[in-house]
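Working notes, beginning with the structure itself.
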Amino acid sequence: MPVYTVHEPPLKSGEARAAPERFRFVRDGFHFWAFLLGPLWMIWRRLWLVLIGYIVVCVVLSFAMFALGVPRSGAAIVQLLISLFVGLEAGSLQRWSLRRWREVGIVSANNLEAAERRFFDGWEGDAPAPPSPPSTTTTPAPPEIRHRTPQPSDIIGVFPEPGMPR
């Protein structure tokens with residue numbers, strides 16, 4: 001069952017609490033489309049800094065492999081590994097892009113809609129807890145603790161009894 005992290009956006013000016021429609025749910029796990037079409041997936045998700053980093057890493061690795069004389073098959077394997085990394089870490093890349101947002105929960109559900117429903121059913125937000133009614137009964141005082149010295153019969157095992165010579 002997929003696990004989603006729930007992120008609350010920063011408050012806008014004059015807002016006491018963020019609107020629930022603006023919350024972001026990020027699925028953890030492998031993202032097939034991020035693996036298959038990494039740059040397009042990053043554009044679709046508006047991960048601009050991640051896209052710039054991806055392009056820089058790919059260009060630097062391409063130049064380095066060309067300079068070292070790595071065959072095309074080796075370059076293809078490296079590109080496949082980069083794509084696999086993006087697919088595996090897509091959720092983490094999305095969470096990194098939300099670093100100014102506040103993580104408010106983790107939900108496990110079959111799909112995004114069920115995760116949203118499950119989270120908001122149990123969500124209390126930043127609302128203060130209702131005050132508890134005043135108690136009419138008094139709590140009893142704790143019982144007195146009496147210390148006693150151990151008796152010879154209290155010791156079990158091969159340890160010497162108290163007061164016996166060694």
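Points worth noting:
Conditions tested, residue by residue: (1) out of contact with any Lys or Arg (no Cβ under 7 Å at 6 or more places or on another chain); (2) charged (D, E, K, R).
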| residue | (1), (2) |
| --- | --- |
| I52 | yes, no |
| V57 | yes, no |
| A64 | yes, no |
| A67 | yes, no |
| A75 | yes, no |
| Q94 | no, no |
| R102 | yes, yes |
| I106 | yes, no |
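- Region 1-37: number of residues that are over 18 Å from W96 (Cβ atoms), of a type in the set (A, V, I, L, M, F, W, C) and touching a residue at least 12 places away in the same chain (Cβ under 8 Å): 3
- Residue in region 40-49 that is under 13 Å from F25 (Cα atoms) and either free of Cβ contacts under 8 Å to residues at least 40 places away in the same chain or surrounded by fewer than 16 Cβ atoms within 10 Å (Cβ to Cβ) (or both) present: no
- Verdict on L84 being out of contact with any Lys or Arg (no Cβ under 6 Å at 6 or more places or on another chain), touching a residue at least 12 places away in the same chain (Cβ under 8 Å) and farther than 14 Å from V3 by Cα: yes
All of the numbers you see were taken from the coordinates with simple rules; none came from a lab. Fair warning: this is a prediction, and the values are worked out from it, not measured in the lab. Here the Cβ is made from the backbone with ideal geometry for all residues, glycine too, and neighbour counts use every protein chain on show.
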